[in-house]
Amino acid sequence: MTVPAQPAPLAGKRVVLGVTGSIAAYKAIDLARRLEEGGATVDVALTANAARFAPALTFHSVIRGTVASDMFDAAAPELHVELGRRADLLLIAPATATTLAKLASGVGDSLVTLTALATTAPVLVAPAMDSRMYANAATQANLETLRARGVSFVGPDEGRLASGERGLGRMSEPEVVVGAVRALIGRAGGDLRGRRVVVSAGGTREAIDPVRFLGNRSSGKMGFALAEAARDRGAAVSLVSTQAPPPALYGVSVEEVESAEEMREALARRLRDADVLVMAAAVADYRPAETAARKRKKQEDAAGWDLALQENPDLIAGLDGSFVKVGFAAETDDLIANAAAKLRKKGLDLIVANDVTDPEAGFGGDTNRIVLLDGRGEPEALPLLSKYDAAQRVLDRVAALLAER
Ligand code: PMT
């Protein structure tokens with residue numbers, strides 16, 4: 001079944017992408033494409049040096065907005081003012097050491113640096129340079145100056161550099177930069193800005209011995225989608241996960257755990273000043289009564305293995321505070337009745353029911369078919385959605401619950 005189209009995360013937003021003269025300029029083409037795929041309209045301003053690495057023509061084929069590099073264009077003499085005015089965000093990627101110096105001292109000698117001077121939009125910079133240039137005291141002082149003025153940075157990362165050496169100076173990968181753009185745009189105008197949202201993701205692993213565990217089929221994708229969507233709406237997001245999150249979750253504070261007990265401890269710490277808890281994690285109801293310190297050997301004379309189990313505490317029911325509590329119900333039978341019982345028993349504000357026998361819903365895939373229950377109105381059954389869009393619908397309810405408080 002086809003998933004209905006929902007508004008893209010950057011729909012209606014205008015990003016001005018300033019590209020400067022680094023070998024990493026080739027990544028700016030993919031970056032521009034990804035921003036457009038995310039719903040943004042992208043304008044590209046190139047320095048003359050950037051145009052040598054990544055020609056204007058290539059950008060024209062991947063974006064809908066303006067591509068320009070000439071600051072003396074008689075047809076558009078005030079283009080830098082216009083670009084600065086219409087930007088929801090100015091992204092400079094890659095930014096060379098020289099560009100950082102110019103930004104720090106207010107030099108406007110290219111369409112990129114002139115636009116930076118002319119804009120009042122948030123500015124995000126993705127530096128790219130040799131590691132020694134990055135470590136240079138002048139560059140570090142320029143970064144400090146820009147940070148103090150409210151400029152945000154993404155990267156640089158460790159890795160292979162143009163010189164062939166490895167070091168700190170590689171421009172962050174485009175999907176990470178897009179994550180940073182979405183986080184910053186959310187913080188500037190999202191309806192959850194100023195809110196602290198804690199999300200759990202993945203299936204807990206309950207150790208039997210050093211090599212075996214009791215686990216379940218959760219991939220973490222539903223929790224990642226919730227963390228991503230909350231971040232895009234401006235929240236400060238904490239994710240407690242049994243699975244490593246994807247790089248696109250830039251800006252989310254992540255703690256990786258294994259067992260239900262580790263998850264409980266991490267959640268309790270992170271919930272101290274939280275406004276919302278969303279428990280998408282599949283927490284084991286039982287754990288082995290004992291965890292062996294050494295690998296249990298195959299018992300040649302035994303017909304089987306009786307594993308004694310002990311009940312885990314119910315995390316969401318036991319975590320108290322004034323935060324909005326959202327649980328999930330993974331059901332194979334009586335979806336609505338079982339979810340409604342869990343909503344009451346666990347003291348939740350909202351429960352998200354999913355039928356995990358449906359191949360398009362629940363564990364593992366990229367889609368879900370959810371029903372929202374709050375114990376007040378009728379259950380709201382949503383159509384098949386991507387996990388990200390389903391997360392947005394859950395957060396619509398969360399935003400309404402927060403507004404009521
Ligand atoms: O990770 P994916 O592959 O994307 O799959 C997503 C998902 C199917 C895991 C997710 O959509 C989902 O349904 N998560 C909840 C799974 C679950 O544990 O459901 P439950 O019905 O057993 O538990 C109800 C609620 O109580 C859940 O919010 C659960 O996190 C919580 N719980 C359960 C047991 C326990 N000991 N402590 C808890 O807090």
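Just checking: which of the helices (runs of 4 or more DSSP H) contained wholly in segment 41-132 hold 2 or more residues that are touching a Lys or Arg at 6+ places or on another chain (Cβ under 8 Å) and touching a residue at least 12 places away in the same chain (Cβ under 8 Å)?
Per the criteria, 111-118.
Kindly check whether there is at least one residue in segment 208-225 that is in contact (Cβ under 8 Å) with a residue 40 or more places away in the chain, touching a Ser or Thr at 6+ places or on another chain (Cβ under 7 Å), part of a strand (DSSP E or B) and surrounded by fewer than 24 Cβ atoms within 10 Å (Cβ to Cβ).
no
Condition (residue is more than 11 Å from the ligand (Cβ to nearest atom), within 25 Å of L226 (Cα to Cα) and either touching a Ser or Thr at 6+ places or on another chain (Cβ under 8 Å) or not in a loop (DSSP other than H, G, I, E, B) (or both)) applied to segment 300-313: is it met by at least one residue?
no
Of (1) touching a strand residue (DSSP E or B) at 6+ places or on another chain (Cβ under 8 Å); (2) closer than 30 Å to R405 by Cβ; (3) within 16 Å of the ligand (Cβ to nearest atom); (4) not β-branched (V, I, T), R264 satisfies all except one. Which?
Every listed condition holds for R264 apart from (1).
Of the residues R166, R205, R149, only one is surrounded by 19 or more Cβ atoms within 10 Å (Cβ to Cβ) and of a type in the set (K, R); which?
None of the other options fit; the residue is R205.
Hey, among S218, S200, S259, S241, which residue is within 15 Å of the ligand (Cβ to nearest atom), closer than 25 Å to D306 by Cβ and of a type in the set (S, T, Y)?
Answer to the selection: S259.
Condition test on R344, is it out of contact with any Pro (no Cβ under 9 Å at 6 or more places or on another chain), assigned to a helix (DSSP H, G or I) and either under 23 Å from A236 (Cα atoms) or of a type in the set (D, E, K, R) (or both)?
yes
So, in segment 327-347, of the ones that are within 8 Å of the ligand (Cβ to nearest atom) and in contact with a helix residue (DSSP H, G or I) (Cβ under 8 Å, 6 or more places away or on another chain), which residue ends up nearest to D358 (Cα to Cα)?
The qualifying residue nearest to D358 (Cα to Cα) is E331.
We did not get these values from a lab; they are worked out from the coordinates using the rules stated. What you are looking at is a predicted structure, and each value in this text was computed from that prediction instead of being measured. For neighbour counting, all protein chains shown are included, and Cβ atoms are generated from backbone atoms with ideal geometry for every residue, glycine included.
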